[in-house]
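One structure below.
The values are calculated or read from the model by the stated rules, or taken from the named source; none is laboratory data. Keep in mind that this is a model prediction, so the values were computed, not measured. Every residue, glycine among them, receives a Cβ derived from its backbone with ideal geometry; neighbour counts consider all protein chains shown. Heads up: the accessible areas ignore ligands, DNA and RNA and are worked out on the full protein's heavy atoms, side chains in. Shrake-Rupley method; radii C 1.70, N 1.55, O 1.52, S 1.80 Å.
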Amino acid sequence: MNQKLFSKDFTLVVIGQIISLFGNAAIRFALPLYLLNRTGSSILYGTVTACAFIPAILLSPLGGVVADRFNKRNIMVVLDFFTAAVILAFSLLMKHTNLALSVTITLMLLYGIAGAYQPSVQAGIPALVSPDRFMAANSVINTVSSFSSLAGPVLGGILYSAYGLEPVLWLCAICFLISAVMEIFIKIPFEKQISERNIWKTLKNDFAKSIRFIRKDRPEIGNVLFVICGINLFLSSMIIIGMPYMITEVLALDAAQANRLCGFAQGALAAGGLTGGIFAGIFSDKLKIQQSGRQIIAASLCVFPMGIGQILTSSGLINYLIMTVCCFFIMILSTVFTVQMMSFVQRKTPQNLMGKVISVILTISMCAQPLGNALYGVLFELCKGSEFAVILLAGFISLALAIGAKNLFKNLTVA
């Protein structure tokens, strides 16, 4: 076990994450926006992004099993090469197929790959750093993720508004190829586990073992997971669907300006995540798990100015600025919360169950995301002209959930 944080292997993981997550952020921004620009339909936009989450939900448990039973480095390399191939295939076929169908299939593949990929990264951290550095390591991973998510939509928005979709596709494919080649040189300690001959039986047994661990051995993890699902359903989904829809279809902005500003807004989200990750890393020794509920309460309160601004002024630029600033602070708070929760799970989970437990957490928490995306796609369509009501509803529900869960976080311990 490496005692220093930035060993060669952990550094390569971090750099690989920067490159691949940059490509991921840019392509996930550009493809749905391209579809929204071409159709103008929030229902189609919400439905397609909801469908995209389904493979991630289905493949995340498999990714956890594979992460515990195979070399995590090899998993990351193969999946990055495969992602590059998917993007290249879409770029060659997009003019010859139905747009909505091809975008949906491509996004489903990209999200599915990410669902299988992330358990390997998260489960690899305890193998590369000592337990007392878990918080700092998770902070670094969240920080580089946020940095890539900052640069991806901003650069993607500039390229997309100036030159169209194709340059974004080629840039993203190159990012995944570079990341895959770099990851070949990573060495992650690996101990092979005994597996059933039937892969489906192995998957079923491992998933059941993880659920039993969460329910019976560590029920506090299950309680936290329930809160995360609620936040994803009512808060995260509103931002994912509401921000691009409001900027490109509702606010009084011309099309080219709206696309650029949408990229900047997505960048502001990532900048908030970057700031939150840095904050969590710097103050990792001072952050108390018992006080983590305050972040969710504060994040919920940040939603209300977004809706109130819609009522008080019709200025598209002012409402854009209010929305962007509020989402920036929401991301700071939610990132600190995420770092604390992931470190908490890693401390409570044995190494032989790490990948499986993390994959179960990712799977269950993601189940709320497609439901929320589809829900807000319909709500924004039904409430045309009164979009502020949808935003305020999300704020009230999220705040009620956060206040109700405050006592849960007060009782958590890391021992």
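The Cβ shell under 11 Å around Leu44 holds other residues with a net charge of 0, Lys and Arg each +1, Asp and Glu each -1.
Pull out the extension gain between Phe304 and Ile43, defined as 0.36 nm times the separation in residues minus the alpha carbon to alpha carbon distance; nm, one decimal.
Values: separation 261, 0.36 × 261 = 93.96 nm, distance 2.37 nm.
Taking 0.36 nm per residue and subtracting the Cα distance, the gain is 91.6 nm.
For the chain, with all protein chains in place and a probe radius of 1.4 Å, 67% of the accessible heavy-atom surface sits on carbon or sulfur.
Longest span of the chain, sites excluded, free of GluC sites (Glu not before Pro) in DSSP loop with at most 14 other C-beta atoms within 10 Å? Provide the component values of the computation, followed by the final result.
Details: sites that count: Glu191, Glu196.
So the longest stretch without any such site is 197-415.
Subtracting the Cα-Cα distance of Leu321 and Phe82 from 0.36 nm times their residue separation leaves 82.2 nm of extension gain.
If R0 is 51 Å, the Cβ-Cβ spacing of Arg294 and Asn98 corresponds to a FRET efficiency of close to 0.60.
Just how large is the dipole of the range 324-415 about the Cα centre, in debye to the nearest 20, putting +1 at every Lys and Arg Cβ and -1 at every Asp and Glu Cβ? Could you put the intermediate results ahead of the total?
On the way: 6 positive and 2 negative charges, 90 e Å.
Here the range 324-415 has a charge dipole of around 440 debye.
Here the relative contact order of the chain, from alpha carbon pairs under 8 Å that lie six or more residues apart, stands at 29 percent.
For the pair Ser130 and Leu58, label points projected 7 Å from Cα toward Cβ lie 4.4 nm apart. Computing Rg and Dmax of the Cα atoms in Å directly from the structure and comparing it against (i) 24.1, 73; (ii) 20.5, 64; (iii) 28.5, 86 singles out (ii). Of the trypsin sites (Lys or Arg not before Pro) in the range 206-300, the ones in a loop by DSSP (not H, G, I, E or B) with at most 11 other beta carbons within 10 Å are Lys286. Between Arg218 and Ile15, the contour length at 0.36 nm per residue exceeds the alpha carbon distance by 69.7 nm. Roughly how far apart, in whole Å, are the Cα centres of the range 3-45 and the range 296-348? The range 3-45 and the range 296-348 have Cα centres spaced 20 Å from each other.
Please work out the FRET efficiency for the pair Lys201 and Ala400, using the Cβ-Cβ distance as r and a Förster radius of 25 Å; give the result to the nearest 0.05. Write down the numbers at each step before the final one.
Details: r = 42 Å, r/R0 = 1.69.
Between Lys201 and Ala400 the formula returns 0.05.
Positive-end ranking of Gly293, Ile239, Leu44 along the dipole of the chain, with charges on Cβ about the Cα centre, is headed by Gly293.
In this structure the chain gives 42 Å² per residue of accessible area when probed at 1.4 Å with all protein chains present.
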